[in-house]
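Enquirer: Questions regarding the structure given below will be posed in turn.
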Amino acid sequence: MELTGKRIALGVTGGIAAYKAAELVRLLIKQGATVQVVMTDAATHFVTPVTFQALSGKPVFTDLWTPCVANNMAHIDLSREADALLIAPASADFVAKLANGLADDLLSTLTLARSCPLLVAPAMNLQMWTNPATQRNIATLLGDGVAILGPASGDQACGEIGLGRMIEAEEIVADLIAFFQPKVLAGKKLLLTAGPTFEAIDPVRGITNLSSGKMGFALARAAQEAGAQVTLVCGPVSQPTPRGITRIDVISALEMHAAVMRHAATQDVFIGVAAVADYRPSTAAEHKIKKDGQSAPAIELIQNPDILAEVAALPTPPLCVGFAAETRNLAEYAQKKRIAKKIPLIVGNLIEHGFGGDDNTLILFDENGQLPLTPAPKLELARQLMARIATLLENR
Ligand code: C5P
């Protein structure tokens, strides 16, 4: 329920993607938002107002001249009461209207009369999207401080393939949730590692750590929501990449080390969340090792580089944050790691309930001692950590 209490005015314009707006209303309501739908006349040719009325639980407005509005000021009231005005889908024609400040129907009038932020999810054919006129209009809207969500690339209803599709309803909701988060890391660059690493013994076997990558991905999303430019280096995990994040996939600790060191010097923040294997086999066999029926093979291990400690030792290091997952003596081990790696903050958790859950219990360790956070979903904790990191950056 990430949008509880938020009042969203949703404008639907005429395009085949209007059918996706029905799902969008359902998802917004599921997140706790109140949704007031306003449709252009063209939109009603694709989906009927009754659909949106049933999903939003509110009458749908389509007409500037509705006599049932008490003061005849629907255009002012609808956007005055909203926390955000979202237009999805926004047709090429409607984007052009917005860019030029036209107000010749209810939706364009209430958009012009709004005092709340405006988010626009364009949806149109590839040629219409790439047309210089549309690109000019989009640039104007961006210059006016309008948030443009998408568009995506892919199959189009007209049979073409390319940019112009409206992004999916779930993505619009994620963007809207992100929009409401405080931009405490605006303009900052944040690099983080996530997931396990995998150290090959032979082509089919290896040494790894248990890690779902969920905490790292939650942190990446929270950092992006907070306005940071995020680069995520991750080991083998099956997590979807949050939109707008640069993801670099690696397998081994050495690959992770190389990827991190390529980017670290230009970052404001580095968070080592990955469960990096401390050791790797000194050599990986070229072919699958076979049982010879006699002795078990001995695997010689050598130490992997400590990525976090190396980043912290750079001449002008980013603000470094580490993670420590322990099965016992959490405070003692976490503080020892923090001091050994020369980092200001380490986030610890006791491995009590296994791996891969959606919630976590975290304790922050810094030079002043420890601060337990209330157990919460990983994304919620990740947002709290971003606020903490922003404060540390300010006081650096
Ligand atoms: O493995 P260890 O318990 O030392 O991990 C503590 C922190 O150090 C974690 O943030 C982890 O991502 C980081 N680390 C690293 N490179 C390693 C080992 C750990 O960056 N080789």
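Enquirer: Could you order 144, 306, 366 so the one with the most accessible surface comes first? Probe is 1.4 Å.
Expert: Numbers: 144 100, 306 65, 366 30 Å².
Order by accessible area, largest first: 144, 306, 366.
Enquirer: Further question: How much solvent-accessible surface does residue 252 expose, in Å² to the nearest 10, with a 1.4 Å probe and all protein chains in place?
Expert: Number for this one is 20 Å².
Enquirer: At what distance in angstrom do the alpha carbon centres of region 151-185 and region 193-229 lie from each other?
Expert: Taking the Cα centre of each part, region 151-185 and region 193-229 sit 25 Å apart.
Enquirer: At a probe size of 1.4 Å, how large is the accessible area of residue 45, to the nearest 10 Å²?
Expert: Residue 45 has an accessible surface of roughly 140 Å² with all protein chains in place.
Enquirer: A further question follows. Restricting attention to region 313-396, which GluC sites (Glu not before Pro) occupy a DSSP loop and are surrounded by at most 10 other Cβ atoms within 10 Å? Spell out each step's value before the answer.
Expert: Numbers: sites: 326, 332, 352, 367, 380, 394; in loops: 352, 367.
Answer by residue number: 352, 367.
Enquirer: Then there is this: Express the accessible area of region 102-260 per residue in Å², computed with a 1.4 Å probe while the remaining protein chains stay in the model.
Expert: Numbers: 6560 Å² over 159 residues.
With the other protein chains kept in place, region 102-260 gives 41 Å² per residue.
Enquirer: In nm, to one decimal, how far is the residue 51 label point from the residue 284 one, both placed 7 Å along Cα→Cβ?
Expert: Reported label-point gap for residue 51 and residue 284 is 5.0 nm.
Enquirer: Continuing with the same structure: Working with all protein chains in place, sort 19, 333, 279 by solvent-accessible area computed with a 1.4 Å probe, largest first. It would help to have the intermediate numbers written out before the result.
Expert: On the way: 19 135, 333 65, 279 115 Å².
If we order 19, 333, 279 from most to least accessible, we get 19, 279, 333.
Enquirer: Here's something else I'd like to know. Given a 1.4 Å probe and every protein chain left where it sits, what share in percent of the accessible area of region 189-394 is carbon and sulfur? Walk me through the numbers on the way to the answer.
Expert: Values: 5490 of 10400 Å².
That fraction is 53 percent.
The values are calculated or read from the model by the stated rules, or taken from the named source; none is laboratory data. Only a predicted model underlies this, so the values are computations on that prediction, with no experimental measurement involved. We place every Cβ from the backbone using ideal geometry, glycine too, and count neighbours over all the protein chains shown. What goes into the accessible areas is simple: the full protein's heavy atoms, side chains included, and nothing from ligands, DNA or RNA. Shrake-Rupley method; radii C 1.70, N 1.55, O 1.52, S 1.80 Å.
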